[in-house]
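Working notes, structure below.
The values are calculated or read from the model by the stated rules, or taken from the named source; none is laboratory data. All of these numbers come straight from a predicted model, not from anything done at the bench. Heads up: the accessible areas ignore ligands, DNA and RNA and are worked out on the full protein's heavy atoms, side chains in. Shrake-Rupley method; radii C 1.70, N 1.55, O 1.52, S 1.80 Å.
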Amino acid sequence: MNWTTVVQSFFTFATGFAAALLALKGNIAKANIGNERIYADKTDDLFDRIDKLTDERDDLKGQVLKLQSEVKALTQAVESLKDEMKKEGI
């Protein structure tokens, strides 16, 4: 085997390796751009869902506070009725 064949084979291998490496880098960059596009498409929907859930949570918090005050008022009414029953001996 002569040196020209060895050198030619080496350059062929190096060129093929470089081409494969560049193709791999291109595919990785393309995949990243595709993922970013998917995230960008879904971001608005996710923010809308977060806003909706936040509003629902705030509404439920208001309802809980209202119900807590009603329970407190009813507890006081029950206690006063118990006191009246004790006074009357029932």
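Identify all residues within the stretch 1-37 that are open to solvent by 100 Å² or more (accessible area, probe 1.4 Å), of a type outside the set (A, V, I, L, M) and modelled with pLDDT of 80 or more; write none if there are none.
Q8, F10, F11, F13, F17, K25
So that you can scan it fast, the table gives a plain yes or no per residue for (1) of a type outside the set (S, T, N, Q); (2) at pLDDT below 95; (3) open to solvent by less than 100 Å² (accessible area, probe 1.4 Å); (4) assigned to a helix (DSSP H, G or I):
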{"residue": "Y39", "(1), (2), (3), (4)": "yes, yes, no, yes"}
{"residue": "T43", "(1), (2), (3), (4)": "no, yes, yes, yes"}
{"residue": "R49", "(1), (2), (3), (4)": "yes, yes, no, yes"}
{"residue": "R57", "(1), (2), (3), (4)": "yes, yes, no, yes"}
{"residue": "K61", "(1), (2), (3), (4)": "yes, yes, no, yes"}
{"residue": "K82", "(1), (2), (3), (4)": "yes, yes, no, yes"}
{"residue": "K87", "(1), (2), (3), (4)": "yes, yes, no, yes"}
{"residue": "I90", "(1), (2), (3), (4)": "yes, yes, no, no"}
